[in-house]
Amino acid sequence: MLIILLGPPGAGKGTQAESIVKNYGLAYVSTGDILRKAVKEETPLGCKARENMNQGQLVPDNLVVEIVRERLMEPDCFKGALLDGFPRTVDQAVFLDQALPDIGTKIDSVLLIEVEEDELIERLTGRRVCSDCGANYHLKFKPPKVRNVCDQCGGDLYQRDDDTLETVKERLDVYKKQTEPLIKFYQEKGLISEVNGNKDINGVYEQIKSILDNL
Ligand code: ADP
Ligand code: AMP
């Protein structure tokens, strides 16, 4: 099984992914997480990706598709995978279609999570992330029990470099220009299921659950 989470930055993809992978036993594949780890560890990939990421731009397709090809070949993906943040361009989607027969799977559904722009800005600028386990919080909508401390592992919470207002606006612009064309791409294949992401976290998950339970 292969499920894709599509939607603008801040739509709640990572937040929903946590529940989806737990409840449906899927491997989690987030290109953003893989790239951030590479940047932190200063690997050759991280050094190439850092500047694009900090400016709110996409990392070049050729780097990203290699990450995904390798990741989908890892054994935990054989049971099925949830893609978060990939594909983000039509070229990446075409690559995925071409790679899937080798990997022995096909796309079951593309969950399109849509949210109003003002809400996206509020969600992204208030997002906080655990520096140890990567768990996601929000200052207002999902605060940790103790200020700046992760509920799950006790790690320190930080604000992502690309979650500043200026970079958030750039990322939303990049989404409109480079990623939104994917909606039509997958609509034509009959794969899109729409999710109203404006609801609270549980309300969004309920919609996703009813889609996945009916696949
Ligand atoms: P994405 O992975 O799509 O960029 P996240 O899942 O990281 O988005 O969510 C962005 C921010 O919004 C996080 O701080 C998260 O806690 C918060 N958030 C996610 N879903 C909701 C929701 N339905 N209502 C309010 N806040 C949310
Ligand atoms: P995310 O964690 O999904 O918000 O991604 C953070 C950043 O990583 C993006 O703004 C891009 O710079 C980069 N990135 C993540 N996924 C991709 C992708 N599929 N293609 C290109 N760049 C990506």
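Being under 20 Å from the mean Cα position of the chain (by Cα) and within 15 Å of ligand 2 (Cβ to nearest atom) narrows it down to one of 120, 100, so name that one.
120
If a residue has to be in contact with a helix residue (DSSP H, G or I) (Cβ under 7 Å, 6 or more places away or on another chain) and near ligand 2 (Cβ under 9 Å from one of its atoms) to count, how many in region 3-22 make the cut?
Summing the residues that are in contact with a helix residue (DSSP H, G or I) (Cβ under 7 Å, 6 or more places away or on another chain) and near ligand 2 (Cβ under 9 Å from one of its atoms) in region 3-22 gives 2.
Could you give me the residue pairs with C-beta distances under 7 Å whose first residue belongs to region 68-94 and is under 22 Å from residue 24 (Cβ atoms) and within 16 Å of ligand 1 (Cβ to nearest atom), whose second residue is in a helix (DSSP H, G or I) and of a type in the set (S, T, N, Q) wherever it lies, and which are 6+ apart or on separate chains?
These pairs meet every condition: 85/31; 86/31; 86/92.
Just to be sure, is residue 88 of a type in the set (Lys, Arg), part of a helix (DSSP H, G or I) and either within 13 Å of ligand 2 (Cβ to nearest atom) or modelled with pLDDT under 95 (or both)?
no
So which residues in region 154-179 are of a type in the set (Ser, Thr, Tyr) and surrounded by fewer than 16 Cβ atoms within 10 Å (Cβ to Cβ), if there are any at all?
158, 164
Select, from 10, 46, 32, 14, the only residue that is within 13 Å of ligand 1 (Cβ to nearest atom), free of Cβ contacts under 8 Å to residues at least 60 places away in the same chain and either crowded, with 21+ Cβ neighbours inside 10 Å or part of a helix (DSSP H, G or I) (or both). First the steps, then the outcome.
Numbers: 10 fails: free of Cβ contacts under 8 Å to residues at least 60 places away in the same chain; 46 fails: within 13 Å of ligand 1 (Cβ to nearest atom); 14 fails: free of Cβ contacts under 8 Å to residues at least 60 places away in the same chain.
Only one candidate qualifies: 32.
Quick check on my filter: what residues within region 36-49 are within 11 Å of ligand 2 (Cβ to nearest atom) and farther than 17 Å from residue 131 by Cβ?
49
Kindly state which strands (runs of 3 or more DSSP E) lie completely within region 108-149 and contain at least 1 residues that are in contact with a helix residue (DSSP H, G or I) (Cβ under 8 Å, 6 or more places away or on another chain), more than 8 Å from ligand 1 (Cβ to nearest atom) and over 17 Å from residue 203 (Cα atoms).
Fully inside region 108-149 and qualifying: 109-114.
The values are calculated or read from the model by the stated rules, or taken from the named source; none is laboratory data. A quick note: this is a predicted structure, and the numbers were derived from the prediction, not measured. A quick note on method: Cβ atoms are made from the backbone with ideal geometry, for glycine too, and the neighbour counts reach across all protein chains shown.
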